[in-house]
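The values are calculated or read from the model by the stated rules, or taken from the named source; none is laboratory data. Quantities reported herein were computed from a predicted structural model and do not represent experimental measurements. Cβ atoms come from the backbone with ideal geometry, glycine included; neighbour counts cover every protein chain shown. Protein only, heavy atoms only, side chains kept; ligands, DNA and RNA dropped before computing areas. Shrake-Rupley method; radii C 1.70, N 1.55, O 1.52, S 1.80 Å.
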Amino acid sequence: MNHRNLDNFCEKGILFLILSALIFSALATGAVRTMEFAIVQLLTAMAAILWIIRIWGDQKHKRLLLPPVAWVLFIFIIYAFYHYLNADVEYTARREVLKLLTYGMIFLVVMNNLYKSDCSQIIMFTLVITGTLIAIYGSIQVIIGSDHVWHFVKPAQYLGRGSGTFINPNHFAGWLGMLLPLCLSYVLLGRINLTMRILLGYSAIMLLFGIAVSMSRGGWISTSLMLFVFVGVIGWQKKFRLKVIITACLFFTAISLFFIKSDFAQDRITKANTPGTLDHIQSRTELWSAASNVWKEEKLFGVGPGHFDHRFSQHRPTTLQSRPIRVHNDYLNILVDWGLIGFLIVGVWFSTLAYVIKRCWKYSQRTASDFSSKTSNRAAIVLGSTIGLGSLAVHSFVDFNLHIPSNAMLASTIAALLTSFIRFATERYWIPIKITLRLSLTLFVFGIAGLMIQQSFVQLHELQALNASQQAKAFPEQIAQLELAMEREPNNHETAASIGEIYRIKANSFDTTNTPEMEKASKWLQRAIELNPYDAYSHARLGLILDRLDRTSEAEKMFKISEKLDPNGYMTIAYIAWHKMHIGGHTNLISAKRYFERVSPPSNPEKGLIAWRSEDSATNLVNQIRAVYLPYINEELKDLDNSK
């Protein structure tokens, strides 16, 4: 194979792998689960390796495009590694940094390999077609009332909303929102034939309909704002004014009819201002307030990559009894996890990207006439990509799209294609690839790609054991598979906590206390606490074990830590109540009663911590408190009073 054939093979291979990763991530529920993201990592790493082969295989690749956006990305990657090395929960930080490396590698590979017009058009058209099909699937979900995404069952709160191939309709809307401006730009500005223009026009309608049926209020707002911007930018040019007026009238008429005719859409808007509902805007503001309190603990460097999830419980509002995982505001999430330093680096990255867009804009323009061959694909990509990223930026104020792999990967690809247009504005960012830079780049890319491949296989092997444990029919088999998972991934605190809890439940089935199961439960829960010192449940469950072993003073310490870590969590408060009830005595029984009544007060249940939970386990706990625990405590207190 000669150099030219090798280069052509590598370029097409990179295009195939990047497109495969983008399409697969969108089809696979956003690649939020372990297996899907591991596959995305492998595809991205393979594309990066082909990039290096291309650099060494063909001497015409004597230059590397490294504008300021890329240098800021390198700085953030270095900062991310520093954060990882100092993280409190290594497993969480590692998974978060791996995502960042994947997005960053996609950006660098696309910017330096897929900048040719034919490659960028293939990417854009393929993604628009994929988005159209996913939007159609989301529309069908609403029309037939489906509660499934592929074979997955949607959570109850998403029923009645279209989510396409995503579980969360908000992320579905965020993904489509990046593609809609691109599609419209090609319809109005692109150098394409009439058939393709009609097909893309149909695609734009379906993309808009997909965003509408997602019932995502953030998606509605961001899309509407970006459509206004799009109309303003295009309509400013006289030659496009008529087309824009017609297109705008059609789109905004369709939007108006949707809100007038859809009771569900009206209900979504109404609930935003209805206190006591899960959709009330107050739930977001309370979450943001808790996040700002988390940030205040580590203002400069942040609490760590992905660590908001671990630190949130210390600042949990009484009305938020779920596990939010993210802040539901990407910018505040970045501030919490990465601190002021990380937030400033990200801000500089956005600023440099804006600078690139500004420099590229005037060089992307051509003389254009109404639907003629003088329109410009370059202008279509620049305008559509810019407004698409703007839509995501607006939506990210009320959601966490940047933390969803499929959405972040799409944003990285669009940003990379935009950045590559800087080559039309200036030659100053082309760097000659001399031997020193070639070797350095090879070591950097191979190192990152090797890490991604190795971690992908670790994640897949761990997942295999975890899945086998869920399918196990007997206690020994379940434990054996979980312990195998811990061997393959020794730092997964959730697996350690699960093993400890299973052993604890097994030990509770015996009449005696000093059993091997009790000892193993204690060992594994201690291991979980070492791996994640912010796990309130593991502290509380270890306290329950110590209670059974009559090591009351040690148990008391565990419960104090647990309450400090999650002072408003209904399950943590219930554990503490059980502990107080187990110890007995007038003072402890009074405390137990107070704790149980915090969880579910008999006289005013809607004010209880558990009032916002509707799952079976929560209902069973309420019934136990009212029918068993509180009557028992009242009886014991009565006996103690009579004995005085």
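The table for this structure:
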item	result
Count of residues meeting criterion [open to solvent by less than 50 Å² (accessible area, probe 1.4 Å) and either aliphatic (A, V, I, L, M) or more than 12 Å from L101 (Cβ to Cβ) (or both)] in the stretch 438-459	10
Pair list, Cβ under 9 Å, 6 or more apart: the stretch 472-495 residue touching a residue at least 40 places away in the same chain (Cβ under 8 Å), other residue basic (K, R) and open to solvent by less than 50 Å² (accessible area, probe 1.4 Å)	N491/R94
Residues of the stretch 31-50 satisfying the condition of being outside any helix (DSSP H, G or I) and of a type in the set (A, V, I, L, M)	V32
Enumerated helices (runs of 4 or more DSSP H) restricted to the stretch 453-549, each holding at least 3 residues that are modelled with pLDDT of 95 or more, touching a helix residue (DSSP H, G or I) at 6+ places or on another chain (Cβ under 6 Å) and over 19 Å from I576 (Cα atoms)	475-488, 493-508, 516-531
Pairs where the first residue, in the stretch 140-163, is among the aliphatic types (A, V, I, L, M) and the second is in a helix (DSSP H, G or I) and at pLDDT 90 or above, C-beta under 7 Å, 6+ apart	V142/V213; V149/T29
Test: residue in the stretch 416-423 that is assigned to a helix (DSSP H, G or I) and open to solvent by 50 Å² or more (accessible area, probe 1.4 Å)	no
Scope the stretch 342-354; condition touching a helix residue (DSSP H, G or I) at 6+ places or on another chain (Cβ under 7 Å) and open to solvent by 20 Å² or more (accessible area, probe 1.4 Å); matching residues	F343, I345, V346, V348, W349, T352
Members of the stretch 9-68 found to be more than 30 Å from Y429 (Cα to Cα) and basic (K, R), listed by number	R33
Sole exception among (1) in contact with a Pro (Cβ under 7 Å, 6 or more places away or on another chain); (2) modelled with pLDDT of 90 or more; (3) open to solvent by 20 Å² or more (accessible area, probe 1.4 Å) for N293, by number	(1)
Residue match in the stretch 405-414 (condition: part of a loop (DSSP other than H, G, I, E, B) and under 30 Å from R63 (Cβ atoms))	no
From the options I18, I78, residue that is touching a residue at least 12 places away in the same chain (Cβ under 8 Å) and over 16 Å from the mean Cα position of the chain (by Cα)	I18
Scan of the stretch 159-213 for residues that are over 29 Å from the mean Cα position of the chain (by Cα), part of a helix (DSSP H, G or I) and of a type in the set (V, I, T), ordered by number	V187, T195, I198
Hits in the stretch 36-69 (condition: open to solvent by 50 Å² or more (accessible area, probe 1.4 Å) and modelled with pLDDT under 95)	I53, W56, Q59, K60, K62, R63
Any hit, the stretch 427-434, residues being assigned to a helix (DSSP H, G or I) and of a type in the set (A, V, I, L, M)	no
Residue within the stretch 140-150 that is open to solvent by 10 Å² or more (accessible area, probe 1.4 Å), part of a helix (DSSP H, G or I) and hydroxyl-bearing (S, T, Y) present	no
Residues located in the stretch 583-600, provided they are surrounded by fewer than 16 Cβ atoms within 10 Å (Cβ to Cβ) and within 41 Å of the chain's Cα centre (by Cα)	R594
Qualifying position, being assigned to a helix (DSSP H, G or I), touching a residue at least 40 places away in the same chain (Cβ under 8 Å) and not acidic (D, E), among Y115, Y84	Y84
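Yes/no per residue for (1) buried (at least 22 other Cβ atoms within 10 Å of the Cβ); (2) in a helix (DSSP H, G or I); (3) under 23 Å from the mean Cα position of the chain (by Cα); (4) small (G, A, S):
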position	(1), (2), (3), (4)
N8	no, yes, no, no
G13	no, yes, no, yes
W71	no, yes, no, no
M111	yes, yes, no, no
